[in-house]
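Contents: one structure, followed by commentary.
The values are calculated or read from the model by the stated rules, or taken from the named source; none is laboratory data. Here the structure is a predicted model, which means the values were calculated and not measured. When we count neighbours, we look across all protein chains shown, and the Cβ atoms used for this are built from the backbone with ideal geometry, even at glycine.
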Amino acid sequence: MRKLLALAVLVLVAGPASATVYNDATGDLHDGSGSGSDFTGFTHLDISSVEVTNDLTNITFAVSVVGDIQATDWGKYMVLIDSAVGGDSAGNGWGRPITMADSDYWLGSWIDTGGAYQIHSYDGAAWGQDAQNAIGISQFTATMTMSLASLGVAPGDSILFDVYSSGGGGTDGAIDALSTGTPSVLDWGDPFNTAVPVKYDVVPEPASLALLAMGGLALVRRRR
Ligand SMILES: [Ca+2]
Ligand SMILES: [Ca+2]
């Protein structure tokens, strides 16, 4: 019975301790047919997946795309987050034509000129920049982190968000969006609204879960 309990503990901790991966369709950039621009060559803007993790302090968004983000380094990778009551439904931290209902936070990143990302927040009337940090860059992935405290959330809470890719022009929109598997815009400056945001449940600290798992293992070993 104790062994069964220990195994149950192991099974319980295996889920929430791992990252949550959200997949996006690939090849879902507008191909120029009918009207607009052909984006299909810009594979560094084609989001393939977004991995979200958290510990007790921070939440991390790792945005992966199909193409090499350093070989073609002008891509911009952005996150809109709804973590609190109220927020902005008509804009974002960079004034891009991208919206999501009740948005509170904006992460905006770039890869060129050294790479960095900015954290912007909405104070009920306007957006303002809170921080600029070094970005994590690998061949296909851009990684951004912010504190749970600044989002006003804790383990057990949930946030709504969406992730976008874009170009360097100040009015370039969401050429790809995690929330939809069909082309989000037909042309560079077209507006995009996230109709169905993605949900992330903030999990308890993975380190404490690992300790629980080790405790479970110890129980199994002792039984044997
Ligand atoms: Ca995609
Ligand atoms: Ca998409």
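Some notes on this structure:
- Output for the range 154-179, where each listed residue is within 16 Å of ligand 1 (Cβ to nearest atom), polar (S, T, N, Q) and over 25 Å from residue 54 (Cα atoms): 166
- Inside the range 116-138, residues that are assigned to a loop (DSSP other than H, G, I, E, B) and more than 17 Å from the chain's Cα centre (by Cα) make up a count of 4.
- Number of the exception - residue 62 against (1) in contact with a Phe, Trp or Tyr (Cβ under 9 Å, 6 or more places away or on another chain); (2) farther than 13 Å from residue 174 by Cβ; (3) buried (at least 16 other Cβ atoms within 10 Å of the Cβ): (1)
- Residue identified as more than 16 Å from ligand 1 (Cβ to nearest atom) and modelled with pLDDT of 95 or more among 138, 150: 138
- Hits in the range 152-206 (condition: touching a helix residue (DSSP H, G or I) at 6+ places or on another chain (Cβ under 9 Å) and away from ligand 2 (no atom under 11 Å from the Cβ)): 154, 155, 157, 159, 166, 167, 201, 202, 203, 204, 206
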